[in-house]
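Visitor: Right, I'll just put the structure down here and ask away after.
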Amino acid sequence: MSENLNTTMNGTQPWSCPSNSTAEKIGMTVTYCVIFIVALAGNTAIGLIVYKTQTMRKPINFFIVNMAMSDLLVPIFVIPRWIQTLYIDSWLIGGPLGQALCKLVIFIPDVSSAVSIQSLVLIAVDRLGAVVFPLRSPSISSKLCALFILATWIVAITVNSPYLFVRKLVEYAEKMVCEQHWNEVFGDSSSFKNYVVSYIVVFFFNPLMLITIVYIIIYLKLKSQKIPGEQSTNAEQQRQQRERNVLKMAIAIVLGFAGCWFPIAIFWCILLFTDTIILPNCGARPHYFYVVHSMALANCAINPFICFIFSRNYRHELKALFR
């Protein structure tokens with residue numbers, strides 16, 4: 001979506017852009033490459049760990065793997081495109097493949113973020129069930145878990161499907177440009193601004209508010225529980241400690257997502273409701289754009305680190321994976 005907001009609402013004309021300095025290009029290239037390598041390796045490791053370890057096959061880990069698989073789409077389909085734009089102000093691939101990539105380069109990252117935020121909501125609901133109804137294990141059954149995961153992808157693909165229609169690769173005399181033709185496809189009665197604002201509210205602010213409320217309820221519930229003492233069984237002590245550790249990991253993942261995506265969400269809103277236009281389709285953008293955009297991309301790389309830092313099981317299985 002960030003690239004969409006770099007164009008005019010119709011996006012029907014080519015632009016000529018100045019170049020970034022060599023130092024800036026090198027710095028951004030290094031940043032994108034680090035995110036690419038870490039995201040690819042980390043999220044692949046998360047998927048392999050849960051796939052190979054029977055004891056790790058629990059709803060919360062399935063939801064984390066769902067996030068990891070969606071995050072894998074970003075380094076594969078998105079980051080190479082952003083590295084290319086730093087050096088070449090033109091679309092390189094033409095024909096049917098170029099048309100498809102023009103649509104996917106915007107469609108895929110937004111699908112990934114939508115799947116991630118829905119997975120965070122499901123993780124919060126799962127933790128709420130585990131704390132409020134501790135005797136029900138698991139709080140979300142395997143069949144229901146699979147259904148929820150499928151639903152996250154269906155919803156994400158559906159709400160972002162307009163990009164598959166409005167993005168078009170246009171060939172001009174001097175270069176090819178991937179443009180957005182929103183009004184041409186949906187008519188003047190449809191507003192791209194309204195679509196983006198609705199998207200941000202529904203798939204960012206509202207879910208984060210819901211998640212915050214759920215974790216506050218969980219915190220109050222845990223606080224009201226009797227602290228395990230000598231009268232408590234060792235098994236109960238261990239269960240409550242495990243629940244707290246898993247809860248810390250879940251909250252850390254939410255905070256990581258919010259910290260990475262909140263700046264660019266604010267950036268979108270400012271860009272929509274002011275006259276500020278960032279030059280489209282080129283590598284010469286203001287520094288703050290690269291900062292907020294890199295933070296959003298970095299989210300796909302930090303989730304594995306959070307899992308390895310807060311979960312002893314993930315750390316143990318990672319070592320076993322290398323062995």
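The values are calculated or read from the model by the stated rules, or taken from the named source; none is laboratory data. What you see is a predicted model, and the numbers here were worked out from it, not measured in a lab. In this analysis, Cβ positions are derived from the backbone assuming ideal geometry, glycine residues included, and neighbour counts consider all displayed protein chains.
Rundown of residues vs (1) buried (at least 18 other Cβ atoms within 10 Å of the Cβ); (2) not aliphatic (A, V, I, L, M), yes/no style:
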| position | (1), (2) |
| --- | --- |
| Ser116 | yes, yes |
| Val121 | yes, no |
| Gly129 | no, yes |
| Arg167 | yes, yes |
| Ala173 | no, no |
| Val185 | no, no |
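Visitor: Scan Asn43, Asn61 and give me the residue that is surrounded by 14 or more Cβ atoms within 10 Å (Cβ to Cβ), within 18 Å of Ile140 (Cβ to Cβ) and modelled with pLDDT of 85 or more.
Guide: That would be Asn61, the only listed residue that is surrounded by 14 or more Cβ atoms within 10 Å (Cβ to Cβ), within 18 Å of Ile140 (Cβ to Cβ) and modelled with pLDDT of 85 or more.
Condition check ((1) out of contact with any helix residue (DSSP H, G or I) (no Cβ under 8 Å at 6 or more places or on another chain); (2) modelled with pLDDT of 80 or more; (3) not charged (D, E, K, R)) across all residues:
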{"position": "Leu147", "(1), (2), (3)": "yes, yes, yes"}
{"position": "Phe165", "(1), (2), (3)": "no, yes, yes"}
{"position": "Lys175", "(1), (2), (3)": "yes, yes, no"}
{"position": "Gln180", "(1), (2), (3)": "no, yes, yes"}
{"position": "Ser189", "(1), (2), (3)": "yes, no, yes"}
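Visitor: Return the residues of region 259-268 that are farther than 18 Å from Ser198 by Cα and surrounded by fewer than 20 Cβ atoms within 10 Å (Cβ to Cβ); say none if nothing qualifies.
Guide: Gly259
Visitor: Still on this structure, I have one more. Does any residue of region 152-160 turn out to be hydroxyl-bearing (Ser, Thr, Tyr), in contact (Cβ under 8 Å) with a residue 40 or more places away in the chain and outside any loop (DSSP other than H, G, I, E, B)? Even if it seems obvious, please write down each step before you answer.
Guide: Initially, region 152-160 is screened for residues hydroxyl-bearing (Ser, Thr, Tyr), giving 152, 158.
If we keep only those that are in contact (Cβ under 8 Å) with a residue 40 or more places away in the chain too, we end up with 152.
Checking the rest, the ones that are also outside any loop (DSSP other than H, G, I, E, B) come to 152.
Checked region 152-160: at least one residue is hydroxyl-bearing (Ser, Thr, Tyr), in contact (Cβ under 8 Å) with a residue 40 or more places away in the chain and outside any loop (DSSP other than H, G, I, E, B).
Visitor: Another question, if that's okay. Only residues in region 72-90 that are at positive phi count as the first member; pair them with residues that are buried (at least 19 other Cβ atoms within 10 Å of the Cβ) and part of a helix (DSSP H, G or I), Cβ under 8 angstrom, at least 6 apart or cross-chain, and list the lot.
Guide: none
Visitor: Can you pull out the residues in region 269-293 that are at pLDDT 80 or above and surrounded by fewer than 18 Cβ atoms within 10 Å (Cβ to Cβ)? Give the steps one after another, and end with the answer.
Guide: Taking region 269-293 as the starting set, the residues that turn out to be at pLDDT 80 or above are 291-293.
Val291, the sole residue that qualifies.
Visitor: Just name the residue that is nearest to Asp71 (Cα to Cα) out of those in region 166-201 that are assigned to a helix (DSSP H, G or I) and free of Cβ contacts under 8 Å to residues at least 40 places away in the same chain.
Guide: So, considering only residues that are assigned to a helix (DSSP H, G or I) and free of Cβ contacts under 8 Å to residues at least 40 places away in the same chain, the one nearest to Asp71 (Cα to Cα) is Val201.
Visitor: State which residue is modelled with the lowest pLDDT when the search covers only region 46-58 and only residues that are surrounded by 18 or more Cβ atoms within 10 Å (Cβ to Cβ) and not charged (D, E, K, R).
Guide: Filtering first and then ranking leaves Met56.
Visitor: While we're on this one: Consider only pairs whose beta carbons are under 9 Å apart and that are at least six residues apart or on different chains; among these, list those whose first residue lies in region 50-61 and is of a type in the set (Ser, Thr, Tyr) and whose second residue is surrounded by fewer than 21 Cβ atoms within 10 Å (Cβ to Cβ) and in a loop (DSSP other than H, G, I, E, B).
Guide: Sorted first by the residue in region 50-61, then by its partner, the pairs are Tyr51/Arg57.
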